[in-house]
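The values are calculated or read from the model by the stated rules, or taken from the named source; none is laboratory data. Bear in mind the structure is a predicted one, so any value in this text is a computation, not a measurement. Every residue, glycine among them, receives a Cβ derived from its backbone with ideal geometry; neighbour counts consider all protein chains shown. Ligands, DNA and RNA are excluded from the accessible area calculation, which covers all protein heavy atoms including side chains. Shrake-Rupley method; radii C 1.70, N 1.55, O 1.52, S 1.80 Å.
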Amino acid sequence: MELDMSIYAMLDNQQAGHIRHIHNLVAQKDGEWNHMGGEEPNQEYFTAYRYQIATMAYSIAVAHLHRQPALRSVYKPLFRRIIHKMLLNDVWTYWFLTSHGGKLTDPERTELRRPWADPVIHENIMYSGHLLLMTSLYGMLFDDNEFEKPGSIVFNWKPLFWGMGPETFSYDNRSLQKAILSEMERNNWVGVCCEPNMVFIVCNQFPIIAMRLNDARDGTNKVDGVLEKYTAAWAKSSMVQSDGMFVDWFYLKQNAMFPPEGIPNGQFPARDLAFTAWAGAYMHSWNSNLVESLYETQVRGYVSKTDGHYRIRPTNDGKKYPPSPVPYNAPLYGIICQWLSELGKIEQLKDVLDYADTHLQPTWEHGGLFYPRKDEQDPDSAEITCMEPFSGNAGIAYSRLNVPNGQKLIWEQPWTKEVLETRPWIDGVTLNDGVDFLRGIWDDEKKALILTMRTWDEGQTILKPRGRNLRPGNWAVYIDQKLLRTSIVDEDGILEIKVVVTSKPVDVVFVQVE
């Protein structure tokens, strides 16, 4: 076979390990959350299940779209299982308590609000925005309208021993988008609140990306109008503060930013890079000029060199600050890694990932790679010594699986129905087969469909991968460069073979011949 396999990038052990770990997590029985529990017990903080699950979905999306576009049968059931987890009551029922509001979210509040259980009808963009993007990605990546059908997104609220009986809240992707747009309009387009009265820039990026993907599927252009109003609303006060950082959040009722400008250094808890880097990693999709122009100012002190290697810092100046009212570690590591990966900061990302692999307890379990929780941050260390489940399960994984400009490329070149209807892909194999997939590519120039795989556990198995969407005509199948057989593919476009897979990577190539 005259095909140089070395020109086709292959996932490395760590990238394959992250995908396997995500598979392992979402394959757990409903109600089991092994390795996903954080310090904060009520799903109110960064380490909540929703943020981990959403970032797992984005990790799988960038891996599929940018690295292994031919592996539809591998990634679709995995992505569907991730969405299933996002819809579990364990993930969204925190909202009933949060909807009461409180003094931290509204300093002027003197009594609690009447709560409600529907997690997406008002506010709570920290859940609904992620759910919208996850289901929009599902439609775009797999040309599947499951979540575009009425009643396809259902929340069943049914506590056992209190309340007036079960309630059901039914949506689909487009009605969810409509609810989010209604909230944006209600807030004069500055964004949708997460917690009551608090608009976070970062959490509004995810639904904006989703709207772009929905436009691509629907042949519409709603997102440009949304962005016009959104940027105009923020232009009145500026989302970028005098120190070059994005506003952490906006108090809607008070028309006030946090942190406030002009407060002497040391009177507030230390400001970290979390909100700014997280916003930048996804805002880069549609506003890359702004995000890139701010990078050098924002990163200064937070990612800096020691002994020739870049390191992530808890603060940008190493000084002591008053304690934060939130007594939990922010997931700085995973957030900053996502930001560095999107902006193509290859040297910086390599160094900080090498540090994680040396100092943050990389752990392999059932073929999956993760960084286990460690709550203690050394107060005297200028480096990160703690690890939380957002970074350890999802954030670092995303940074390894993403490519430079990954979100920007999704925004500019989403897959279309026409592409997916005609491009060849691999069927008949999944992660449940006990196999890691290292390549999954269609080379249109060479008319070659390429699959590389291996077992993760030193075992051996027999698989029957099928090439689909193959053009009618003569095809040859090679295994490890040796001809297996030639076949004539008819109008159904399907060719199936049998292959033995061991712990040594095996290459399978379907090639159309003259």
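Inverting the pair-averaged 1/r between distinct Cα atoms of the stretch 418-462 gives 12.1 Å as its Kirkwood hydrodynamic radius.
Could you order Ile494, Ile335, Ile462 so the one with the most accessible surface comes first? Probe is 1.4 Å. Working shown, then result.
Values: Ile494 55, Ile335 0, Ile462 100 Å².
Correct descending sequence by accessible area is Ile462, Ile494, Ile335.
Of the heavy-atom accessible surface of the stretch 407-474 (probe 1.4 angstrom), what whole percent is carbon and sulfur? It would help to have the intermediate numbers written out before the result.
Working: 1310 of 3040 Å².
About 43 percent, which is the carbon plus sulfur part of the accessible surface.
In the distance distribution for the stretch 447-505, Cα-Cα pairs more than 15 Å apart total 51 percent. Treating each Cα of the stretch 191-318 as one equal point scatterer and applying the Debye formula with no solvent, the log10 of I(q)/I(0) at q = 0.09 Å⁻¹ comes out as -0.31. Rg ratio for the chain: its Cα radius of gyration over 2.2 N^0.38 Å, N being its residue count, equals 1.00.
Order Glu496, Glu296, Glu342, most accessible first, counting only protein heavy atoms with a 1.4 angstrom probe.
On the way: Glu496 75, Glu296 110, Glu342 0 Å².
Output order, biggest surface exposure first: Glu296, Glu496, Glu342.
Can you list the trypsin sites (Lys or Arg not before Pro) in the stretch 1-110 that are in a DSSP coil and have 13 or fewer other beta carbons within 10 angstrom? Counting only loop positions with at most 13 other Cβ atoms within 10 Å, the trypsin sites (Lys or Arg not before Pro) in the stretch 1-110 are Lys29, Lys103. Set the bar at 20 Å for Cα to Cα. Now go through Lys447/Lys482; Lys85/Lys350; Lys149/Lys178; Lys103/Lys253; Lys305/Lys350; Lys76/Lys446 and name every pair that lies beyond it. Exceeds cut-off: Lys85/Lys350; Lys76/Lys446. A 1.4 Å probe over all protein chains sorts Glu347, Glu388, Glu418 by accessible area into Glu418, Glu347, Glu388, starting with the largest. Rounded to the nearest 10 degrees, the inclination of helix 274-283 to the longest alpha-carbon principal axis of the chain is 50 degrees.
With a cut-off of 8 Å between alpha carbons and a minimum separation of six or more residues, what is the relative contact order of the chain in percent? Each step should come with its number before you reach the end.
Details: 949 pairs, mean separation 90.6, N = 514.
Here the relative contact order equals 18 percent.
Bridging of Lys158 to aspartates and glutamates at a Cα separation below 20 Å is possible for Asp30, Glu32, Asp90, Asp118, Glu167, once same-chain residues fewer than 8 apart are set aside.
Helix 173-186 and the long axis of the chain differ in direction by around 20°, with both axes built from C-alpha atoms. Overall, the anisotropy analysis places the stretch 80-206 in the oblate class: the square-rooted eigenvalues a ≥ b ≥ c of its C-alpha gyration tensor yield a/c not less than 1.5, with a/b not exceeding b/c. Solvent-accessible surface (1.4 Å probe) assigned to Arg212 amounts to roughly 60 Å².
What longest region of the chain stays clear of chymotrypsin sites (Phe, Trp or Tyr not before Pro) that DSSP places outside H, G, I, E and B and that have at most 11 other Cβ atoms within 10 Å? Mind dumping the intermediate values first?
Details: sites that count: Phe161, Trp162.
In the chain, the maximal stretch lacking such sites is 163-514.
Nearest 10 degrees, 0 to 90: what angle lies between the long axis of helix 332-342 and the longest principal axis of the chain (Cα atoms)? Approximately 50 degrees, to the nearest 10.
Provide the net charge surrounding Leu484, with neighbours chosen by a C-beta distance below 13 Å and charges set as Lys +1, Arg +1, Asp -1, Glu -1. Walk me through the intermediate numbers first.
Working: positive: Lys464, Lys482, Arg485, Lys498; negative: Asp480, Glu496, Asp507.
Once all neighbours under 13 Å are counted, the net charge is +1.
Here the accessible area is traced with a 1.4 Å probe on the protein chains. For the stretch 122-281, carbon and sulfur cover 53 percent of it. One equal scatterer on each Cα of the stretch 1-85, no solvent, Debye formula: the resulting log10 I(q)/I(0) at q = 0.14 Å⁻¹ is -0.56. Considering only the stretch 396-514, what is the antiparallel percent among its DSSP beta bridges, to the nearest 5? That works out to approximately 100 percent antiparallel. If you bin all the Cα-Cα distances of the stretch 317-444 at 5 Å, starting from zero, the percentages per bin are 2, 8, 14, 16, 16, 15, 12, 7, 4, 3, 2, 1.
Suppose all protein chains stay in the model; what accessible area per residue would a 1.4 Å probe give for the chain, in Å²?
Values: 21660 Å² over 514 residues.
Ligands and nucleic acids excluded, the figure is 42 Å² per residue.
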